[in-house]
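Okay, structure first, notes after.
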Amino acid sequence: MIKLVTIIGARPQIIKAAAISRAVKTSFSDKIKEVIVHTGQHYDHNMSAVFFDELKIPKENYNLNVGSASHAVQTAEIMRLFEPILEEEKPQGVLVYGDTNSTLAAALTAAKMHIPVIHVEAGMRSFNKTMPEEINRICCDHISTMLFSPTVTGIENLCREGFSTKAKAPYTINNPLVVHCGDVMYDNSIYFATEAKQKSTILSDLNLSSGEFTLCTIHRDSNTDDADNLNSIFRALLHIAGNHKQKIVIPMHPRTSKVLSQQLQSELAESLEHSSEIQIIEPVSFMDMIVLESECNMIITDSGGVQKESYFFKKPCVILRNETEWVELIEQGTAVIGGTETENIIAAFNRLKSKKLNFPPLFGDGHAAEFICKQIYSAVN
Ligand code: UD1
Ligand code: UDP
């Protein structure tokens, strides 16, 4: 039996961790013991607890309760509180997901204690180092012992940075395993799609008809903290809603809710308030989210995870950023970089609206989590 400590903290990590926890429970319960540490980076019920309940994630063994803070304070606080847990637990590996401050803090803590870091979602790059996530993921990859990349592009990015897919065991921080594994988020979308359709009442709750609404999420700091970008995005959404009589549902991230009233110009705020087409709602559960994704006609987002899910559910996607890590979507033509200029977002929406799209499989076979567990077990054992 090997012991792994899994670090989660932000919403998408809790969702990603569900896939691995499920694989451990169903296929590796005699081989892998998982100890879950929640950093507390996200803490609202609808940003954290709701996912444990519905995705059947085991309750965390530790919660560091770090909450919201500046990057330095949040990262440092996680490191300070995580170190004694690793001293106590003495795991064979620390499993981290994605690119948040929780990811970086846990990886740094473990690597300095000579505990192998296992990075799920390794190799993703936006090539924009003004993004906090780009710094987190580059640093994390370069101190990891096992790097699991969801896409071939991720592997290519790593190879360009000096990694090799030819390393042989024993794997170390100086001789890391680099492997293409598929996407654990795809595992989840497939696994929960049917149950979500049966259980979720979100369409009737919001009075939505299948295929007749657009789903939108916004939370990147480059959009929420930049008044010009945020105004420009909402101007585009109001235009699309008004001119196309298009319902737009926005489950709003708390980061965005907190700044919206200060950032929006008064005439936009007023139009938004009176718009019968745009519905701003609280963040929704994963089951509700995947129903919204599978029943909408278009997704407009700056989220990494929601971009991918647009592909899983075969929906066109306007990306509210100037670049993406998920370049396969652009190459396939299912997603378009809308950026943050009003005209470009509207043009991207119009371009995708009438386009015939194909969604060949790109994100694995729905069993990335089992593959990852198998690789970890044989590498560590
Ligand atoms: C974080 C990640 C980002 C990821 C996102 C997923 C970093 C640097 N960023 O961004 O990569 O895409 O999570 O959602 O790690 N807040 C609440 N309640 C909560 C959580 C946050 O009100 O439960 C508010 C607080 O005002 C907080 C702000 O949201 O200051 C930002 O939260 P934070 O975790 O720092 O960053 P995110 O924008 O959520
Ligand atoms: N998500 C959710 N409810 C919401 C918005 C998003 O369950 O109201 C899910 C979404 O389906 C995806 C993940 O959260 O699985 C994406 O997280 P987020 O957009 O916060 O972060 P990112 O992927 O950009 O890091």
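Read-outs throughout are calculated quantities, based only on the coordinates presented, and are distinct from any laboratory measurement. Just so you know, these numbers come straight off a predicted model, no measurement behind them. Every residue, glycine among them, receives a Cβ derived from its backbone with ideal geometry; neighbour counts consider all protein chains shown.
Annotations
- The chain, helix-only ellipticity at 222 nm - DSSP H runs n ≥ 4, -39,500 (n - 2.57), divided by all residues, nearest 500: -14500 deg cm²/dmol
- Other residues whose C-beta falls under 12 angstrom from the C-beta of Asp228 contribute a net charge of -2, scoring Lys and Arg +1 and Asp and Glu -1.
- Spin-label model, Glu323 to Thr194: label points 7 Å out along the Cα-to-beta-carbon direction sit 4.2 nm apart.
- Where N is the number of residues in the range 69-137, Cα Rg divided by 2.2 N^0.38 Å: 1.11
- Using the Cβ of Val318 as centre and a radius below 15 Å, the other residues enclosed give a net charge of +2, where K and R count +1 and D and E count -1.
- Of the Cα atoms belonging to the range 128-223, the radius of gyration and Dmax stand at 19.3, 56 Å.
- Between the range 206-236 and the range 85-133, the alpha-carbon center distance in angstrom: 30
- Computed Kirkwood radius, in angstrom, where 1/r is averaged over Cα pairs of the range 79-188: 14.0
- Rounded to the nearest 20 debye, dipole of the chain from Cβ charges on Lys, Arg, Asp, Glu: 940
- Amide H within-cut-off set for Ile278, under 5 Å, with H built and near neighbours excluded: Ile248
- Annotation: amide H-H contacts under 5 Å for Ile32 (H modelled 1.01 Å from N, sequence separation of 5 or more, or interchain): Ile2.
- Computed over the range 266-381, the percent of Cα pairs more than 16 Å apart is 68.
- For the range 253-268, Karplus couplings with θ = phi - 60° (6.51, -1.76, 1.60), whole Hz, Gly/Pro x: 4, x, 4, 6, 4, 5, 9, 4, 5, 6, 7, 6, 4, 4, 5, 6
- Under 5 Å from the amide H of Gly339 lie the amide H atoms of Ile319, Arg321, each residue being 5 or more positions distant or on a separate chain, with H modelled from the backbone and absent for Pro and chain starts.
- Taking every Cα-Cα distance in the range 206-247 and sorting them into 10 Å bins starting at zero, the pair-distance distribution P(r) comes out as 25, 45, 26, 4 percent.
- Per-residue extension of 0.36 nm, minus the Cα-Cα distance of Ser261 and Met1, leaves a gain of 88.4 nm for this segment.
- For the range 17-152, the Kirkwood radius over C-alpha pairs fed into Stokes-Einstein at 4 °C and 1.567 mPa s yields D = 84 µm² per second.
- Long-range Cα-Cα pairs in the chain (distance over 38 Å), rounded percent: 16
- Of all lysines in the structure, those lying under 24 Å Cα to Cα from Lys308, and not within fewer than 8 positions of it along the same chain, are Lys16, Lys56, Lys129, Lys197, Lys199, Lys247, Lys353, Lys355, Lys356.
- At R0 = 30 Å, FRET efficiency that the Cβ-Cβ distance of Leu206 and Gln332 yields, to 0.05: 0.50
- From phi via Karplus (6.51, -1.76, 1.60), per-residue ³J(HN,Hα) for the range 146-163 in Hz, x at Gly/Pro: 10, 10, 9, 9, x, 10, 5, 4, x, 5, 4, 4, 5, 4, 5, 8, x, 6
- Kirkwood-Stokes translational diffusion coefficient of the range 227-294, alpha-carbon pairs, 20 °C, 1.002 mPa s, µm²/s: 169
- The range 282-325 - percent relative contact order, Cα under 8 Å, separation 6 or more: 37
- Averaging the sequence gap over all C-alpha pairs within less than 8 Å and six or more residues apart, then dividing by the number of residues, gives the range 226-372 a relative contact order of 21 percent.
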